[in-house]
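Below: the structure, in structure tokens.
Taken together, the values in this text are just the output of simple stated rules run on the coordinates, not laboratory data. In this text the structure is predicted, and so the values were computed from the model without any measurement. Cβ: placed from backbone, ideal geometry, glycine included. Neighbour counts: every protein chain shown.
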Amino acid sequence: MSSTWISRGNALLTFVGSVLAAMAIATTCTDYIHRSDPKVACSFVGTEGLQKEFGHDRAHVVLNLTADLRSEFSWNTKQIFVYVNFEFKTRKNARNQMVMWSAILEDKEHAYIHLPALRAQYPYALTDQGFNLRGREFDVTVAWNVMPRVGVLYTRKRTFPGIGRLPEAYLQPTLGRVQLPGSTEMADVPAAAHDMEPHYYTA
Ligand SMILES: *[C@@H]1O[C@H](CO)[C@@H](O)[C@H](O)[C@H]1NC(C)=O
């Protein structure tokens with residue numbers, strides 16, 4: 001093979017490399033142009049249980065989450081990782097933060113989340129490092145990482161400060177039955193297993 005061919009091959013590879021780089025930069029730039037309008041609503045449905053266990057308090061909280069993240073999807077979006085944090089303050093810890101629920105949204109069609117009875121995905125998610133959960137006020141933060149095909153990942157979030165308060169007294173857990181916020185009244189909530197999984201629907 002003559003050196004001419006090698007240099008032509010080199011030039012071609014350099015050209016292809018430049019085109020790919022330019023495309024990657026253009027892709028990243030369109031992300032800045034892409035406007036999203038995510039809508040997130042979250043409310044506290046009630047407490048399904050509040051237990052004193054060996055060494056700590058444990059809460060079973062039910063939330064109602066509606067999140068429309070469809071507009072976060074652009075042609076450069078690979079997937080979205082969405083999670084719900086439960087947060088509270090105690091005298092011992094200025095900030096207690098636990099992941100209650102999370103999901104990977106793979107496309108726009110699955111980015112409209114409607115979970116009227118969202119519970120902690122993991123049984124021990126909502127625990128304190130002591131016995132400080134009775135009457136405790138809490139915040140909920142819904143956050144999502146938008147993962148691009150090319151470019152930089154970004155995170156957006158909505159915090160619902162003081163969204164709820166746990167009961168003043170311990171409460172024996174009963175699946176499908178909650179103590180309503182700010183009262184000792186009880187009410188039924190859906191206990192279906194699908195509540196543990198994201199229940200998607202498309203509009
Ligand atoms: C959950 O919240 C949505 C949106 O805020 C509301 O339309 C719906 O009625 C609520 N569902 C329940 C079961 O409270």
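What the table below lists for this structure:
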quantity: Equivalent ellipsoid semi-axes, the chain, via Cα gyration tensor eigenvalues times 5, rooted, Å; calculated: 47, 18, 14
quantity: Computed lengthening from R158 to A187, 0.36 nm per intervening residue step minus Cα-Cα distance; calculated: 7.7 nm
quantity: Theoretical gain in end-to-end length, Q97 to K78 [0.36 nm per residue, Cα-Cα removed]; calculated: 4.1 nm
quantity: Per-residue Cβ neighbour rank within 10 angstrom, fewest leading, R156, R35, R119; calculated: R35, R156, R119
quantity: E137 paired with M23, simple spin-label distance in nm, labels 7 Å along Cα-to-beta-carbon; calculated: 5.3
quantity: Under-29-angstrom lysine pairs by C-alpha in segment 36-196, whenever the two are 8 or more apart or on separate chains; calculated: 11
quantity: Cα long-axis angle, helix 3-33 against the chain (0 to 90 degrees, to the nearest 10); calculated: 30
